[in-house]
Amino acid sequence: MLKAVYPGSFDPVTYGHLDIIERTCKIADEVIVGVLNNKGKMPLFSVEERVKMLEEATRELPKVKIIPFEGLLVEFVKELNANMVIRGLRAITDFEYELQMSQTNHKLEPGIETMFLTTSLEYSYLSSTIVKEVAAFGGDISQFVPEVVINRMKEKMPQTEA
Ligand code: COD
């Protein structure tokens, strides 16, 4: 049985993330989306809000569970008895960080492998940071994120358009 963990900040979840989640569902039996509760960083959305948005956005995907985590990713993966970490790769700029992260995780816990899914062409430019920037200047974000995120963005940034 393949139990995969897809970890991230998801601040907020975008169609790029959802594409990776949907594709992971085709290869794994269970998909845990791990939402980092990083107390050192100041995300736009609280971990509870990020979990809620992900839960709504993945409602139709029965294999998916959304779970927040703190601390080391490998500890979270071990606690869940999972055997694979999934990461998305957009451009070459992602590669260095992703390689370093997967090698560190492998050193910390050799039993845990990381599998990379390359981004779908239509989402290769997309990131949570870009979405927040467009929303901050009143741009239309409806092609980047699901409706649940647009609604939450409007609460945080009243200038958000959709
Ligand atoms: N298309 C495809 N994939 C995408 C897209 C897109 N448009 N946008 C993002 N992704 C991928 C990212 O490449 C990433 O793989 C994933 O989706 C999540 O992205 P983010 O930006 O929400 O999440 P990150 O990269 O900030 O997550 C980092 C972690 C939380 C996983 C990391 O910091 C972590 O594991 N922290 C815990 C502490 C730890 O264990 N550190 C040691 C490891 S070195």
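Any read-out appearing in this document is the output of simple, stated calculations on the displayed coordinates, not a laboratory observation. Small disclaimer: the values here were computed from a predicted structure and weren't measured. Cβ coordinates were reconstructed from backbone atoms using ideal geometry, including for glycine residues, and neighbour counts include every protein chain displayed.
Among residues of region 1-24 being surrounded by fewer than 18 Cβ atoms within 10 Å (Cβ to Cβ) and free of Cβ contacts under 8 Å to residues at least 40 places away in the same chain, the one that is farthest from the ligand (Cβ to nearest atom) is MET1. Search region 31-40 for residues being touching a residue at least 24 places away in the same chain (Cβ under 8 Å) and surrounded by fewer than 16 Cβ atoms within 10 Å (Cβ to Cβ), and hand back the single one that is nearest to the ligand (Cβ to nearest atom). Across region 31-40, the extreme among qualifying residues is ASN38. Determine if region 57-73 includes at least one residue that is more than 9 Å from the ligand (Cβ to nearest atom), under 23 Å from ASP11 (Cβ atoms), among the hydrophobic types (A, V, I, L, M, F, W, C) and in contact with a Cys (Cβ under 6 Å, 6 or more places away or on another chain). Yes - at least one qualifying residue is present in region 57-73. Might you check whether a residue that is at positive phi and crowded, with 16+ Cβ neighbours inside 10 Å occurs anywhere in region 54-73? No: region 54-73 contains no residue that is at positive phi and crowded, with 16+ Cβ neighbours inside 10 Å. For region 103-130, the candidate set comprises residues that are near the ligand (Cβ under 8 Å from one of its atoms) and among the small types (Gly, Ala, Ser); within that set, the residue that is surrounded by the most Cβ atoms within 10 Å (Cβ to Cβ) is SER128. Cβ-Cβ distance below 7 Å, separation of 6 or more or different chains: which pairs start in region 47-67 with a residue that is closer than 12 Å to VAL149 by Cβ and end on one that is among the hydrophobic types (A, V, I, L, M, F, W, C) and in a loop (DSSP other than H, G, I, E, B)? So the pair list comes out as ARG50/PHE10; MET53/VAL13; LEU54/PHE10; LEU54/VAL13; ALA57/VAL13.
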